[in-house]
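To start, the structure under review is shown below, and the notes come after it.
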Amino acid sequence: MTERYSRQILFSPIGEAGQKKFREKHVLLLGAGALGTGNAEALVRAGIGRLTIIDRDYVECSNLQRQQLYAEHDARERLPKAMAAKQRLMEVNSEVQVDAYVMDGIPAEVERLLGGVDLMIDATDNFDARMMMNDLAQKYQIPWIYGACVSSYGISYTILPGKTPCLNCLLDQVPIGGMTCDTAGIISPAVQMVVAHQTAEAMKILVEDWSALRQKLVSFDLWKNQHSAIGVSVMRNEACPSCGNNPTYPFLEYSQQMKTAVLCGRDSVQIRPSEKKVWNLEKVAKTLAKQQGEVEQNPYLVSFTKKDRRMVLFKDGRALIHGTKDITEAKTLYHRYFG
Ligand SMILES: [Zn+2]
């Protein structure tokens, strides 16, 4: 164990004491895409005690360019990202407890997993999920690290409840919006740079070296050779609905009402049924086999392709409808094929 982490222990701000702290800490990672796989690998190699990963998607070929834990066989088998990530992470470091959840991180479900969590890391790709995370962090007083990237641009900020402004405080004052879509494409160094910022801040929090935290919102563009760090500590808003004097946590309410979502840059719609039940995927696959179309199945999902539409049903009844951005059409297809 000492040999394994020897180079990190030699780094004096961590040392033996910091390494022991890593071992006792539990990090929750929301998202297992580009930022998620980078953060997960770094933290698991560093020897944290426990990592919880939540992701709603499965691996596709177009992910392999930047999502570092995945290989071609994961894409071929359409493995859920949380599961494929866990498999690879266990190969990297079997001493870490990795808990993987294939689900859409809605507030009630994420809330259930927050017990004993020391830190949350944002590896999501959309505004609603980030704002939900921001509210959960405030409600349960858990630090979290915001991160986003698109094309050659990236941004990151560390939020300590009760100490720094929250993401909601910053919304009107810094350019956080517009980072939700990957239609502009993305290059992997932008991902790695955000991951580096997030992981370094995570390490400081995990060893409780609070004074070392960056305290600034950083952003950069690796192609245009621009870097900036903005001091935002004065932007804390006492009337903020997330972190102010009378918080209402608006995004915990709002996200719960979302039943459909157009996934950005993917030409896909996600449908989450209002009632929860566990689906028998075998049975669904058998029924679909009688339709004209191609059926594929693994233990986590059933995929059904008909003409230029592909529908993927997960065990919890959630579905991704690919090939359309039209919510009405997606719902129609869902009801037609999955009931
Ligand atoms: Zn706030």
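The values are calculated or read from the model by the stated rules, or taken from the named source; none is laboratory data. For clarity, every value in this text was computed on a predicted model and none was experimentally measured. Positions of Cβ are generated from backbone atoms using ideal geometry, with glycine treated the same way; all protein chains shown enter the neighbour counts. Please note that ligands, DNA and RNA were not included when accessible areas were found on the heavy atoms of the full protein model with its side chains. Shrake-Rupley method; radii C 1.70, N 1.55, O 1.52, S 1.80 Å.
Below are the figures for this structure:
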item: Residues of the stretch 248-271 classified as open to solvent by 30 Å² or more (accessible area, probe 1.4 Å) and either farther than 25 Å from Cys61 by Cα or modelled with pLDDT of 85 or more (or both), total; result: 11
item: Any hit, the stretch 149-157, residues being assigned to a helix (DSSP H, G or I), open to solvent by 10 Å² or more (accessible area, probe 1.4 Å) and in contact (Cβ under 8 Å) with a residue 60 or more places away in the chain; result: no
item: Test for Gln87: is it assigned to a helix (DSSP H, G or I), under 28 Å from Arg266 (Cβ atoms) and under 21 Å from the mean Cα position of the chain (by Cα); result: yes
item: Single condition Val150 does not satisfy, out of (1) within 12 Å of the ligand (Cβ to nearest atom); (2) within 29 Å of Asn63 (Cβ to Cβ); (3) of a type in the set (A, V, I, L, M); result: (1)
item: Filter pass, Cys181 being touching a strand residue (DSSP E or B) at 6+ places or on another chain (Cβ under 9 Å), at pLDDT below 90 and away from the ligand (no atom under 16 Å from the Cβ); result: yes
item: Residue list for the stretch 320-339, filter: more than 17 Å from Gly293 (Cα to Cα) and in contact with a Lys or Arg (Cβ under 8 Å, 6 or more places away or on another chain); result: Thr324
item: The stretch 94-116: number of residues that are assigned to a strand (DSSP E or B) and more than 19 Å from Ala46 (Cα to Cα); result: 2
item: Top-ranked residue of the stretch 153-178 - restricted to ones that are among the small types (Gly, Ala, Ser) and more than 18 Å from Thr37 (Cα to Cα), ranked as modelled with the highest pLDDT; result: Gly162
item: Those helices (runs of 4 or more DSSP H) lying entirely in the stretch 11-79 with at least 3 residues crowded, with 19+ Cβ neighbours inside 10 Å; result: 15-24, 34-46
item: The stretch 199-214 residues that are acidic (Asp, Glu), paired with ones that are open to solvent by 20 Å² or more (accessible area, probe 1.4 Å) (beta carbon under 6 Å, 6 or more apart); result: Asp209/Pro13
